[in-house]
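What follows is one structure encoded as structure tokens, with my remarks underneath.
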Amino acid sequence: MKKLLWALLCLLVLTTACKKEQAPPVQNDKDSTTGQTVDTAALRLEAERQAAIEEATKAIEEQVAHVYDQVEEAYCASPVGKSIDLDGLYCTDDWLQTIDAVRVKDTTRQDEPFTDVDYWVMGKEVAGPIEATDIVVDSLDLTEGKAQVSMHLHNGPGDEPLLLKMVMVEDTWRIDEFIQLQPDTFVWKASMKDYLNGVFKEKAKPEMGVKKKAKKKRRARRSR
């Protein structure tokens, strides 16, 4: 009987030891200052998320600066820049399909075409050097792969505050929408689709040529 009890006791001790060895690692620590329990796993994930946001923000701002360096090259460094396909290189497929359809429709409306204003320079003509300044990522959703960028576009003495809607396409941030903020808000792609659907109102087209004093907080052009 004593041998049986001793065997059962040994079995119980061994079973308890095995359970302790299989226990999951503790993820919580105590803050040495406050004594409160800290979820270290959650803190690590949040740090990784913030690092990803900072990296993406920097990449988007550099991409926009690079794009407008290429706009400058295309419009002001002729004839070298004439071969640069800005839409194909830097815009989404949906933008390309929309602008191509608008240009086809414009051929039947040469008296009042939609694209009588160039969205890359926000004017009917180039008035001088093209420069992008004050480039800031206003919102960023890494899960959806979408971002909004505010900036100022300078076409010579002209200063146009713009918003760009950006979409991640195959690891590259591309422009999906241009939004002009002055003199009135004008959403380019949405208005183009209205135009294609026959509901576009002429008075909604952007009024160009309004010159405002440029406020250059910082030079945002960067080489890539």
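The values are calculated or read from the model by the stated rules, or taken from the named source; none is laboratory data. What you are looking at is a predicted structure, and each value in this text was computed from that prediction instead of being measured. All Cβ positions, glycine included, derive from the backbone under ideal geometry; neighbour counts span all protein chains shown. The protein model used for the area step is the full one, side chains on, heavy atoms only, and it has no ligands, DNA or RNA in it. Shrake-Rupley method; radii C 1.70, N 1.55, O 1.52, S 1.80 Å.
General observations
- Qualifying residue in the range 129-142 (condition: free of Cβ contacts under 8 Å to residues at least 60 places away in the same chain and closer than 16 Å to K193 by Cβ): no
- Condition check for T115: β-branched (V, I, T) and in contact (Cβ under 8 Å) with a residue 12 or more places away in the chain: yes
- Scanning the range 195-209 for residues that are modelled with pLDDT of 50 or more, under 17 Å from V121 (Cα atoms) and in contact with a strand residue (DSSP E or B) (Cβ under 7 Å, 6 or more places away or on another chain) turns up at least one hit.
- Selected residue [at pLDDT 95 or above, open to solvent by less than 10 Å² (accessible area, probe 1.4 Å) and touching a Phe, Trp or Tyr at 6+ places or on another chain (Cβ under 7 Å)] from M151, M166: M166
- Residue identified as within 25 Å of E55 (Cα to Cα), modelled with pLDDT under 95, out of contact with any Lys or Arg (no Cβ under 8 Å at 6 or more places or on another chain) and hydroxyl-bearing (S, T, Y) among T185, T172: T172
- Any chance A101 is within 15 Å of the chain's Cα centre (by Cα) and either of a type in the set (A, V, I, L, M) or part of a strand (DSSP E or B) (or both): no
- Restricting attention to the range 128-148 and to residues that are outside any strand (DSSP E or B) and over 13 Å from A56 (Cβ atoms), the residue that is most open to solvent (accessible area, probe 1.4 Å) turns out to be P129.
- Within the range 76-86, considering residues that are part of a helix (DSSP H, G or I) and out of contact with any Phe, Trp or Tyr (no Cβ under 7 Å at 6 or more places or on another chain), the one modelled with the lowest pLDDT: V80
- Count of residues meeting criterion [buried (at least 16 other Cβ atoms within 10 Å of the Cβ), among the hydroxyl-bearing types (S, T, Y) and modelled with pLDDT under 95] in the range 92-108: 0
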